[in-house]
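Visitor: Quick one: the structure is below, questions incoming.
The values are calculated or read from the model by the stated rules, or taken from the named source; none is laboratory data. Being a predicted model, the structure only gives us computed values, none of them experimental. Methodologically, a virtual Cβ is constructed for each residue, glycine included, from the backbone with ideal geometry; neighbour enumeration extends over all protein chains shown. Ligands, DNA and RNA are stripped out before the accessible areas are found, and what is left, the full protein with its side chains, is counted by its heavy atoms. Shrake-Rupley method; radii C 1.70, N 1.55, O 1.52, S 1.80 Å.
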Amino acid sequence: MYAGAVIVPLLIGGALGFNETQMTYLVSIDIFMCGVATLLQLTVNKFFGIGLPVVLGCAIQAVSPLILIGSNQGISAMYGSIIVAGIFILLISGIFSKIKRFFPPVVTGTVITVIGLTLIPVAIEKMGGGLKTAPNFGDCQFLILSFLTVAVILGIQVYGVGFMRSIAVLIGLLVGTIVAAMMGLVSLSPVLHASWFHMPTPFYFGTPTFEWSSIVTMILISLVSMVESTGVYFALGEITEKDISEDDLKRGYRAEGLAVLLGGIFNTFPYTGFSQNVGLVQLSGIKNRKPIYFSAGFLILLGLLPKIGAIATIIPEPVLGGAMLVMFGMVAIQGIRMLVKVDFMVDANLLIVAVSIGLGLGVTVVPDIFKQFPATVQLFTGNGIVVASITSIVLNLILNPRSLKQTSRVVGSEFAETGK
């Protein structure tokens, strides 16, 4: 969670030329707000909170648009657009929650499969060293570390018992980091240079301004994030055997909207459901919210104590990549398990899954295919998960119109019965 949250402020702050003091604030407050945003989603009440073991983190799809806004319109316009986007999500949550009926198992299973498959290249790149343009990308040391991490995780899952199996990923990261340190690939400089304490400050970078084109851009990004979060909610609902209702979706979207709004106020970034957490929940077998509460509290603590939090940044990229490969693969398998419930004797279902997965993966591998489209359209077409989501929904409406008359539901209970 820490590593996933840190990457967005590092990318945006570095692109906008933030100094060391600004970057320290940006990373620390982002970690803090990830914890706060996750707590909002975990806490169920009449207004917000979906009550699933979901983790909220910075939306990676917002990186390029935010850099563009910050470079052209200024930092104040960037945060003004985030604030308005948060308010927009809060206002449309009720309307957007009605899309539940557009997510039968053939759609949900397809989207979750694509989520896992499109994340795997990220894991592979980290296994090779983190930056494929680097001259030492794919170095034997990196590959040894990454495959060692995979082997440790697999070994514990197969031969471990009880609690040890539930923390297989953590043990894999720890063993991989220790071996990397012995190889001289671990640097403690991030810990030495980090400050001891940091307090969140509203409008740290100044009073926000509101520029219409920036606002429209961030609203579109918000819609993209909501579509992706919907897939995460249904995936976690499947794993925890919880039927995701329209009210659940509404509260989930509201929690995200509130998190985005707070992100703008405290000068961080938009937050959305982390699809990576789906694989971790599936792999660990821990399906309740208690460990996520602890994780959220830990993130808040790390955000207040940057020097302690910086310890997590010493984990080498190849070690992270090995753990990600296992987790992202589990996400894809979860989607396939959901597709098992689909009747593939019906040609329509075959076509929906085939075309949606094909386009989703195709866009991920060759994102430039839609580069002639307007920039606004590319916000949607450049994301393989969103392309697969839209394609599967549209094809299901065309080829399976009767599915709208049925109540869309997560098939966790049905899967359990089948298992019995």
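Visitor: Mind checking the log10 I(q)/I(0) for segment 137-284 at q = 0.11, 0.14, 0.16 Å⁻¹? Debye, one equal scatterer per Cα, no solvent, two decimals.
Guide: The calculated log intensity ratios at q = 0.11, 0.14, 0.16 Å⁻¹ are -0.75, -1.03, -1.09.
Visitor: Under the classification rounded if a/c is under 1.5, otherwise prolate if a/b is larger than b/c and oblate if not, where does segment 46-129 fall, given a ≥ b ≥ c as square roots of the Cα gyration tensor eigenvalues? Working shown, then result.
Guide: Values: a/c = 2.20, a/b = 1.08, b/c = 2.03.
Because a/c hits 1.5 or more and a/b fails to exceed b/c, segment 46-129 counts as oblate.
Visitor: So, one more: So, with a 1.4 angstrom probe, what is the percent of accessible area on the chain that is carbon and sulfur?
Guide: On the way: 12490 of 18160 Å².
The nonpolar share, carbon plus sulfur, comes to 69 percent.
Visitor: Which residue, chosen from Tyr253, Ile292, Thr272, occupies the Cα position most advanced towards the positive end of the dipole of segment 247-296, where the dipole is computed from +1 (Lys, Arg) and -1 (Asp, Glu) charges on Cβ about the Cα centre?
Guide: Checked the options; the winner is Ile292.
Visitor: Can you compute the FRET efficiency between Ile167 and Asn72 using 1/(1 + (r/R0)^6), with r the Cβ-Cβ distance and R0 = 30 Å? Round to the nearest 0.05. Display every interim value, and only then the final one.
Guide: Values: r = 45 Å, r/R0 = 1.51.
The pair Ile167/Asn72 has a calculated efficiency of 0.10.
Visitor: Residue by residue through segment 218-232, what is 3J(HN,Hα) from phi via Karplus (6.51 cos²θ - 1.76 cosθ + 1.60, θ = phi - 60°)? Round to whole Hz and write x for glycine and proline.
Guide: Going residue by residue, I get 6, 5, 5, 4, 5, 5, 4, 5, 5, 5, 5, 5, 4, x, 5 Hz, with x marking Gly and Pro.
Visitor: At a Förster distance of 35 Å, what's the computed FRET efficiency of Ile286 paired with Met183, Cβ-Cβ distance as r, to 0.05?
Guide: Working: r = 32 Å, r/R0 = 0.91.
Efficiency computed from Cβ-Cβ geometry: 0.65.
Visitor: Rounded to the nearest 10 Å², what accessible area does Lys307 have for a 1.4 Å probe in the complete protein model?
Guide: 30
Visitor: In what order, largest first, do Asp248, Asp347 sit by accessible area if the probe radius is 1.4 Å?
Guide: Asp347, Asp248
Visitor: Starting from the 7 Å offset along Cα-to-Cβ, what nm value, one decimal, do you get for the label separation of Val44 and Lys371?
Guide: Those two pseudo-labels are separated by 4.8 nm.
Visitor: Here is a follow-up. Using a simple spin-label model with points 7 Å from Cα along the Cα→Cβ vector, what separation in nm is obtained for Lys341 and Lys132?
Guide: That separation, rounded to one decimal, is 3.5 nm.
Visitor: Set the Förster distance to 45 Å, then compute FRET efficiency between Gln378 and Tyr159 from the Cβ-Cβ distance, nearest 0.05. Write down the numbers at each step before the final one.
Guide: Numbers: r = 47 Å, r/R0 = 1.05.
Efficiency, rounded to the nearest 0.05: 0.45.
Visitor: For the chain, with equal point scatterers placed on the C-alpha atoms only and solvent neglected, what are the log10 I(q)/I(0) values from the Debye formula at q = 0.10, 0.13, 0.14 1/Å, to two decimals?
Guide: -0.67, -1.19, -1.39
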